[in-house]
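S.K.: Let me begin by handing over the structure; questions about it come next.
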Amino acid sequence: MSMFKKIATWFAAIFAATTLMTAWAADPVIEQAKAMGVIGEKYDGYIGVVEQSRVTPDLQRRIDRVNSGRMAQYKDIGEKTGVALADVGIGMGEKLFARAESGEMLKPGPSDPWSKKP
């Protein structure tokens with residue numbers, strides 16, 4: 001595959017993933033938990049739990065469903081572009097960080113603490 005086609009495919013896949021993640025994020029329970037600082041976005045492109053004691057079984061099911069959907073989309077992007085799954089997730093994590101609302105919790109690295117987006 002030519003470099004131009006690879007780049008074009010990558011951007012198309014990222015656009016598709018961003019569109020799908022917007023739909024997943026539209027879950028009002030997920031959005032409320034983010035606003036309350038119970039959950040947040042992680043560097044690897046998945047939702048993480050900030051305060052485990054405040055996560056209900058229903059919220060955990062929703063988090064798992066969103067993360068499962070994201071993983072499926074990341075795999076699809078990786079297959080289309082030849083990029084490793086983890087690298088796709090990290091790339092999407094950067095986009096999710098940029099789109100996060102002020103005050104939402106973000107985890108910028110595996111050993112980094114959670115912090116609020118300014």
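The values are calculated or read from the model by the stated rules, or taken from the named source; none is laboratory data. Bear in mind the structure is a predicted one, so any value in this text is a computation, not a measurement. In this analysis, Cβ positions are derived from the backbone assuming ideal geometry, glycine residues included, and neighbour counts consider all displayed protein chains.
S.K.: Restrict the check to region 6-17 and report whether at least one residue is out of contact with any Phe, Trp or Tyr (no Cβ under 8 Å at 6 or more places or on another chain), closer than 12 Å to Leu96 by Cα and either among the aromatic types (Phe, Trp, Tyr) or modelled with pLDDT under 95 (or both).
M.R.: yes
S.K.: Are there any pairs, at least 6 apart or on different chains, whose C-beta atoms fall under 6 Å, with the first in region 72-93 and more than 16 Å from Lys107 (Cα to Cα) and touching a residue at least 60 places away in the same chain (Cβ under 8 Å) and the second surrounded by 15 or more Cβ atoms within 10 Å (Cβ to Cβ) and among the polar types (S, T, N, Q), and if so, which?
M.R.: Within 6 Å, the pairs are Lys80/Thr9; Thr81/Thr9.
S.K.: Return only the number of the condition from (1) more than 18 Å from Gly37 (Cα to Cα); (2) part of a helix (DSSP H, G or I); (3) free of Cβ contacts under 8 Å to residues at least 24 places away in the same chain that Ala98 does not satisfy.
M.R.: (1)
S.K.: Follow-up question, since we're still on this one. Scan region 49-60 residue by residue and report those that are more than 11 Å from Ile39 (Cα to Cα) and surrounded by 11 or more Cβ atoms within 10 Å (Cβ to Cβ).
M.R.: Residue satisfying the conditions is Thr56 alone.
S.K.: Within region 74-114, can you find the residues that are surrounded by 16 or more Cβ atoms within 10 Å (Cβ to Cβ), modelled with pLDDT of 95 or more and of a type in the set (S, T, N, Q)?
M.R.: Residues satisfying the conditions do not exist here.
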